[in-house]
Amino acid sequence: MKVLGIIAEYNPFHNGHWHLIEEAKKKQHFDAVLCIMSGNFVQRGEPAVCSKWARAEMALRCGTDLVIELPFIYAVRSAYYFARGAIQSLYGSRIVSHLAFGSEAGNLEPLKYVARILAFEPDEYKLILREKLASGLSYPAARSRALQDYLEPSQSDLDQLLSGPNNILALEYLRVIEELNLPLMPLTISRKGKAYHDPDLSTLASATAIRSSLLDGRHGEEIQSTMPLASWEILSKEIDSGQAPILSDSLEQAILCRLRTLSIPEIKQLYEVSEGLEYRIYEASRSCGTLAGLRQYIKSRRYSLTRINRILLYSLLEVNKSLVEDLDKEGPTYLHVLGFTHRGKQILQEINTRSSLQVLNRGKDVKRFYEENKGYAPGSMLELDIKATDIYSLLMPDPDSRTGARDYTTSPVKV
């Protein structure tokens, strides 16, 4: 059986996502497509524009067969841990044979070459990396400079290879496959359309442009043309029912309130806080009255806005260093099903037979698994997903939609 795996956020599902799925299917015949998708919060440390169940339905109506949630502890992490958690979940299903992902490069070989260096870190490369970090660069910038120094002039297009957002994730997927020696066959599809951060709308607009337009109140034909009809219909339904769009700064008061209750030692224990950043966060939380002001106060050469956003979200969900260490040791232990097609239902039966991971198919499965594992790593991992959903529902425009315990009461989407 050939099952194609895809790792995504689908925030929201647009024409570029559809293109990747269709092009991957042209390369080989697959019996089904399984997607590991971020939940209600995404890698940048922001809430998704609409709920994980709405985004799962978009994916199911546009070419996938089974959508499984990537746990919060991986979904809101740096690219490497995002990739590692997702690939461990895919491989843990014991049914996925291939992994497809987009890249600006559109060519596996140069990506594999660099990924092997990242996976096994030759001594010369490690020395250069340490020097770059000592100069005050952030880790992503230091790694990019170290790779350039280590490889040049053997890779003339290295600068471009390391700068594309899709290439960066592609490198991490391939790195994890190398490190864990997994029998997943990678396929890369050349990214089409506008650049990742391009703000202009078109039929192949970036998710960034679509989100910006939605949050600016533009819900018309211009946005409709950027995504498959089924995806647009689901998004429109969410908007009309008052469950979307979710504003990226809608947690402003909650985060500021939380930070002002934390001491400097407590901030220091938050995941990704290091090198005295706790003092800067403490001062910022008492000097700033907006999230934008808070971010700018904290931002530095070493700390990107994306990393700061994640830290602010960690403060709200109490994600500290010891918790992350424990959960990383455990790895994924469950597969929370967000939705499936008829073919996906058949694949689920295969997963139940082959996989050692617990399949959480209904709300009562989620509740039972949490209660049985409370106080242990699997329960703590799932607790973060549940907390994230409860917090996310409070951000919905319609107050009547802000009910809690949705992970216990929401059934998978069936298409």
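We did not get these values from a lab; they are worked out from the coordinates using the rules stated. Every value quoted in this text rests on a predicted model; they were computed, and no experiment measured them. Backbone-built Cβ (ideal geometry, glycine too); neighbour counts: all protein chains shown.
Taking Cβ atoms as reference points and 12 Å as the exclusive limit, the residues near LEU382 contribute a net charge of -4, counting Lys and Arg as +1 and Asp and Glu as -1. Residues ILE87, ILE128, ranked from the fewest to the most other C-beta atoms within 10 Å, line up as ILE128, ILE87.
Look at where the Cα atoms of segment 297-315 and of segment 362-415 average out, and the two centres are 26 Å apart. Which of rounded, prolate, oblate describes segment 260-415, given a ≥ b ≥ c as roots of the alpha-carbon gyration tensor eigenvalues and a/c under 1.5 marking rounded, otherwise prolate only if a/b is larger than b/c? Verdict is prolate for segment 260-415. Using a cutoff of 8 angstrom between alpha carbon atoms and counting only pairs six or more residues apart, the relative contact order for the chain works out to 23 percent.
Inter-part distance, segment 87-166 to segment 31-85, computed on C-alpha centroids, equals 23 Å. Per the Debye formula on identical point scatterers at the alpha carbon atoms of segment 252-326, with no solvent, log10 I(q)/I(0) at q = 0.18, 0.23, 0.25 Å⁻¹ is -0.61, -1.04, -1.25.
About the Cα centre of the chain, what is the dipole size in debye to 20, counting +1 per Lys and Arg Cβ and -1 per Asp and Glu Cβ, all else neutral?
Its charge dipole is roughly 340 debye.
Mean sequence separation of contacting Cα pairs (under 8 Å, at least six apart), scaled by the length of segment 252-326, corresponds to a relative contact order of 40 percent.
Shown for CYS257, CYS50: other C-beta atoms within 10 Å of each C-beta, ranked fewest to most, produce the order CYS257, CYS50. Measuring nothing but alpha carbons in the chain and taking Rh as the Kirkwood radius, the Rg to Rh ratio lands at 0.94.
Between the amide H of LEU70 and those of MET37, SER38, GLY39, distances stay under 5 Å, these residues lying 5 or more places away or on another chain, with hydrogens modeled in the peptide plane. The Rg/Rh ratio of segment 344-415, with both radii computed over alpha carbons and Rh defined as the Kirkwood radius, is 1.03.
Sort ARG55, ARG143 so that the residue with the fewest other Cβ atoms within 10 Å of its own Cβ comes first and the one with the most comes last.
ARG143, ARG55
Does segment 53-198 come out rounded, prolate or oblate, given a ≥ b ≥ c as the square roots of the eigenvalues of its C-alpha gyration tensor, rounded meaning a/c under 1.5 and, failing that, prolate meaning a/b above b/c? It is prolate, given that a/c is not under 1.5 and a/b is the larger ratio.
Annotation note: trypsin sites (Lys or Arg not before Pro) in segment 319-408 located in DSSP loop regions with a Cβ neighbour count of at most 16 within 10 Å are ARG362, LYS374, ARG402. Distances over 15 Å make up what percent of all Cα-Cα pairs in segment 276-364? Value for segment 276-364 (Cα pairs over 15 Å): 72 percent.
Averaging the inverse of every distinct alpha carbon separation and then flipping it gives the Kirkwood radius. What is it for segment 1-88, in angstrom units?
Over segment 1-88, the inverse of the mean reciprocal pair distance is 13.1 Å.
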